[in-house]
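Written below as structure tokens is the structure these notes are about.
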Amino acid sequence: MRVMIVVTHLLGTGHLSRALTLGRAFAAEGHKVLLVSGGMPAPQLDHTGIDLLGLPPLRSDGTNFTRLLTQTDEVADAAYFDARKVALTEALRSFAPDVLITELYPFGRRSLADEFDALLDAAHAQHPRPVILGSVRDILAPPSKPAKAQRTVEIILDLFDGVLVHSDQNMIPLDVSWPVSEPLAQRLFYTGFVAPAAPIPHPDGVGEGEILVSAGGGSVGEPIFRAAIEAARKMPNRRWRLLVGGQDASARIKHLTKLAGDAPVTLEPVRPDFRQMLPLAAASVSMCGYNTALDILQSGVPSVFIPFDDGSEVEQTLRSQSLSELSAIDVLPSDQLTGETLAQAVEAILAAPMRPSTGQGFNGAEKSVEIVRSLLDHAHDR
């Protein structure tokens, strides 16, 4: 089976990370995988067994997902978008996939609709036509208007064979964040949560006993890092390790190092062994993106979630609310974030009863492979 996955991450690296986990599951079963990434390079992420093709990269201007910037921080123009569209459709024709998976679209990435529509048109023109599937996380950004939800359903019914929903329907059904009509419900395939295998504690003991502070792989999280530095001063008996992401990580680390002074803080770029550090950490402080939340649950580490809620973002707030009843998890809204409140929240989770780590319910990538194989077999029988 030849599988092509198309993803563009615009702010953090969560969408790409989940798509890579999905791709590695296909590759582990002996399938040929091409992952086309339209976001900024993220070399810290594992693409073992996957052919990776980068389009001319884009990122959002903060949380303005309609203003897209190039790697040199220029506003992408029509020629830039055309180059992406050509590269994307040529990749499809050259690779000739049996299965095409679009991550998030058409539920999101509407600013990239032209290139996705060109891709879908090219896929429908192929003989035999690939099975075409969407891929979405547990919680989406709700549509701002009913017309957008209706248009999404029309695209799904017209051009897609189904949508892989990477969630547990009994825990977080898609209609928590998106209106699910009966026609759409019939095209949904719940896979369970998509995560790598539960992390094994770091063999070198890196992060042991520390407060591990992260904000994903993008250039966000500055208020969290600043509050963490102030909180570290209030907890001098604990070492805090701040992992800074983004293309500008070096400059941000330099600035934060000056701010930290003699506080018990280590500052460094995001690390590929981050997940291995979690089981050894005393506590985690992070946002509440899909991948991070699953890492926290798998490792069992006490955690403070500070949901990303800039602009009209509600995804992480909804997810953190669903996890807030678990032991050793606290949610600190961004508008209440200070060094004092963060220190108090960390002290509280350190004193709470431990929450056991779990390896159950996170095999959504493997389940996705089973679903896709079944759909492809059914298509061949038609």
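The values are calculated or read from the model by the stated rules, or taken from the named source; none is laboratory data. Just so you know, these numbers come straight off a predicted model, no measurement behind them. Note that each Cβ is placed from the backbone with ideal geometry, even for glycine, and that neighbours are counted across all protein chains shown. We work out accessible area using only protein heavy atoms, side chains counted, and drop any ligands, DNA or RNA first. Shrake-Rupley method; radii C 1.70, N 1.55, O 1.52, S 1.80 Å.
Observations on the structure shown:
- Cα gyration tensor shape for region 205-301, rounded if a/c is under 1.5, else prolate or oblate: oblate
- Helix 78-95 axis versus longest C-alpha principal axis of the chain: approximately 70°, rounded to the nearest ten.
- Estimated from helical segments only, the mean residue ellipticity of the chain at 222 nm is -11500 deg cm²/dmol, where each DSSP H run of four or more residues counts as -39500 (n - 2.57).
- Within region 293-337: backbone nitrogen closer than 19 Å to the residue 255 label point (7 Å, Cα to C-beta): 309-311
- Acute angle (nearest 10 degrees) that the helix 113-125 long axis makes with the longest principal axis of the chain, alpha-carbon atoms: 40 degrees
- Along the chain, counting only GluC sites (Glu not before Pro) with a DSSP assignment other than H, G, I, E or B and at most 16 other Cβ atoms inside a 10 Å radius, the longest segment between sites is 75-207.
- Cα centroid of region 1-77 to Cα centroid of region 272-310, whole Å: 22 Å
- Helix 364-381 vs. the chain, principal-axis angle (Cα, 0 to 90°, nearest 10): 0 degrees
- Alpha-carbon centroid distance for the pair region 93-166 / region 311-333, whole angstrom: 28 Å
- With every protein chain in place, the chain: carbon and sulfur % of accessible area (1.4 Å): 51 percent
- Note on residue 60: accessible area is roughly 0 Å² with a 1.4 Å probe, heavy atoms of protein only.
- Solvent-accessible surface of protein heavy atoms, probed at 1.4 angstrom with all chains present, puts 32, 85, 258 in the order 258, 32, 85, largest first.
- Partner lysines whose Cα lies under 29 Å from the Cα of residue 258, excluding those fewer than 8 positions away in the same chain, are identified as 234.
- Only one residue of 19, 91, 44 has its Cα farthest out toward the positive end of the dipole of region 10-113, where Lys and Arg carry +1 and Asp and Glu -1 on Cβ, and that residue is 19.
- Taking a ≥ b ≥ c as the square roots of the eigenvalues of the alpha-carbon gyration tensor, region 1-138 is classed oblate because a/c is 1.5 or more while a/b is no larger than b/c.
- Taking all protein chains together and a 1.4 Å probe, the residues 357, 250, 111 rank 250, 357, 111 from largest to smallest accessible area.
- Contact order relative to length of region 153-212, as percent, for alpha carbon pairs under 8 angstrom and 6 or more apart: 39 percent
- One decimal place: the segment residue 338-residue 157 gains 60.5 nm when fully extended, by the rule 0.36 nm per residue minus the C-alpha distance.
- Positive end of the dipole of region 234-382 (Cβ unit charges, origin at the Cα centre): among 314, 344, 289, the Cα lying farthest that way belongs to 344.
- Across 148/367; 85/367; 32/367; 85/254, pairs whose alpha-carbon gap is larger than 26 Å: 148/367; 85/367; 85/254
- Considering only 298, 332, 236, the residue lying farthest towards the positive end of the dipole of region 229-335 is 236, judged by Cα position with unit charges set on Cβ.
- Region 70-138 shape via C-alpha gyration tensor axes, a/c threshold 1.5: oblate
- Charge dipole magnitude, Cβ of K and R +1, D and E -1 - region 178-297, Cα centre, debye nearest 20: 280 debye
- Amide H contacts under 5 Å for residue 266, placed H, 5+ residues apart: 240, 241, 242
- Directionally averaged projected area (region 234-382, Cα convex hull): 12.1 nm².
- Normalised by the number of residues in the chain, the mean separation of alpha-carbon contacts (under 8 Å, six or more apart) gives a relative contact order of 15 percent.
- When DSSP beta bridges are restricted to pairs lying wholly in the chain, around 10% turn out antiparallel.
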